[in-house]
1. If I ask for residues that are buried (at least 21 other Cβ atoms within 10 Å of the Cβ), small (Gly, Ala, Ser) and assigned to a helix (DSSP H, G or I), which ones from segment 186-205 would you list?
2. Go through segment 71-98 and report how many residues are touching a residue at least 40 places away in the same chain (Cβ under 8 Å) and farther than 19 Å from Thr36 by Cβ.
3. With respect to Glu170, is the statement that it is of a type in the set (Asp, Glu), within 20 Å of the chain's Cα centre (by Cα) and under 23 Å from Leu338 (Cβ atoms) true?
4. Checking Leu239 against (1) in contact with a helix residue (DSSP H, G or I) (Cβ under 9 Å, 6 or more places away or on another chain); (2) buried (at least 16 other Cβ atoms within 10 Å of the Cβ); (3) not charged (D, E, K, R), which test does it fail?
5. So how many residues does segment 171-199 have that are within 24 Å of Val270 (Cβ to Cβ) and without any contact (Cβ under 8 Å) to a residue 60 or more places away in the chain?
6. Give all pairs with beta carbons closer than 7 Å in which a residue from segment 290-307 that is under 25 Å from Asp227 (Cα atoms) and assigned by TED's automatic domain parsing to the domain that holds Glu238 meets a residue that is surrounded by fewer than 16 Cβ atoms within 10 Å (Cβ to Cβ) and basic (Lys, Arg); count only pairs at least 6 apart in sequence or on separate chains.
7. Please tell me if Thr208 is within 30 Å of Gly84 (Cα to Cα), polar (S, T, N, Q), out of contact with any Asp or Glu (no Cβ under 6 Å at 6 or more places or on another chain) and surrounded by fewer than 17 Cβ atoms within 10 Å (Cβ to Cβ).
Amino acid sequence: MAETNELKPNTLFVEVSGSGLPEVDGLFVPSTAPPTESESGTVSSLGYWNGKMAWDRADGKSARSPALSYSNTYTSWRICRLDGHLAYDFTSEDALPPTAGEWHVYKKGVAPAPKVVIHHFDPRKPLPQPNVVFVLGGPGTGKGTMCELAETQLGWTHLSTGELIRAEQEAGGPNAAIITELLDAGKLAPNEIAVELLKKAMETATRTTGSLNFLLDGFPRCLANLDSWYEMFGRETELPKMLYLECPYEVLEQRILGRAHFTGRRDDNVESTKLRYDTFKTETVPIVEFFRSKNKCVEIDASQDRQVVYDLVKSNLAEHTNQECAARPLTEKSEMLLGLRPWPKKKI
């Protein structure tokens with residue numbers, strides 16, 4: 001029998017839903033099948049089959065274990081029915097079951113094919129507490145760029161309340177009209193909408209990517225946001241650290257007008273910029289003062305060179321940053337974000 005190499009423990013969970021054969025739907029947990037020789041001669045190990053991760057049904061109803069596994073012979077991922085017969089497959093050599101693309105309906109399956117979602121934490125249990133850093137600064141301070149650098153280079157997850165709100169606006173949902181009206185007037189989106197979108201995005205990212213390190217770009221913008229944060233995580237939760245990027249208004253205005261040629265954002269103009277800046281000073285500065293009073297505010301001069309600002313951001317995230325990520329050389333994207341190489345020209 002072929003021997004298997006030492007493999008890292010399978011700690012992932014798989015959710016299968018929407019199949020034409022409802023009995024296939026459900027949660028799949030790391031397989032506990034005993035070592036067995038597969039059709040290709042590979043000896044399975046705990047949580048694995050044919051050298052790739054494998055899963056049993058959480059309800060234990062499948063006649064086959066594992067019920068979701070990989071076939072070396074057919075180079076495909078396979079999901080079986082409760083009686084053990086193959087229902088759906090996906091030809092792929094990926095290390096994990098594909099979550100994008102359409103699965104194939106096999107002979108014993110029923111259309112439509114299911115959707116597959118991989119969870120990094122058991123969805124039946126509460127999520128672990130995240131490591132959160134708030135990032136605030138006026139429009140044009142570069143907080144989005146710094147957060148994107150930390151995501152690309154340091155492995156943190158960047159969530160921008162502004163981008164989440166704009167995405168909701170573009171989706172044309174029930175909140176789109178009020179969001180458009182407020183943004184055009186240089187106002188902030190309603191507190192409950194911002195917090196709802198943020199909470200959902202954090203939970204989704206944690207479950208599907210395993211990320212626990214979050215940079216919240218533009219949150220909390222006001223005292224009401226902070227109240228909602230406590231409602232979300234509990235009053236006893238330790239107050240996160242805040243990175244506050246400061247920059248003179250004249251510099252901010254110049255930056256925003258300069259980027260307007262590339263972003264296409266409807267609020268990147270002189271009038272909206274002044275309104276956004278005034279709103280920031282009125283509604284957000286009190287939050288900054290509160291964090292200062294709690295010794296939780298790290299102030300960074302964002303008018304400095306981008307590399308200098310990034311180094312300060314990096315040092316303040318070091319406590320929770322994966323050291324392997326921190327030691328990596330700069331990626332091409334990071335070099336472009338830092339202005340060390342030009343962005344590729346758009347084809348006309």
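The values are calculated or read from the model by the stated rules, or taken from the named source; none is laboratory data. Please read these numbers as outputs of a predicted model, since none were measured by experiment. Here the Cβ positions follow ideal geometry from the backbone for every residue, glycine too, while neighbour counts run over all protein chains shown.
1. Listed by number, the list holds a single entry, Ala194.
2. Adding up the residues that qualify gives 7.
3. no
4. Every listed condition holds for Leu239 apart from (2).
5. Looking only at segment 171-199, we keep the residues that are within 24 Å of Val270 (Cβ to Cβ), and these are 179-189.
Now restrict to residues that are without any contact (Cβ under 8 Å) to a residue 60 or more places away in the chain: 179-182, 189.
Going through segment 171-199 one residue at a time, the tally reaches 5.
6. So the pair list comes out empty.
7. Considered against the rule, which asks whether it is within 30 Å of Gly84 (Cα to Cα), polar (S, T, N, Q), out of contact with any Asp or Glu (no Cβ under 6 Å at 6 or more places or on another chain) and surrounded by fewer than 17 Cβ atoms within 10 Å (Cβ to Cβ), Thr208 comes out as yes.
Residue-wise test of (1) under 22 Å from the mean Cα position of the chain (by Cα); (2) surrounded by 11 or more Cβ atoms within 10 Å (Cβ to Cβ).
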position	(1), (2)
Asn269	no, yes
Lys281	no, yes
Lys296	no, yes
Lys314	yes, yes
Asn322	yes, yes
Ala326	yes, yes
Ser334	yes, yes
Pro342	no, no
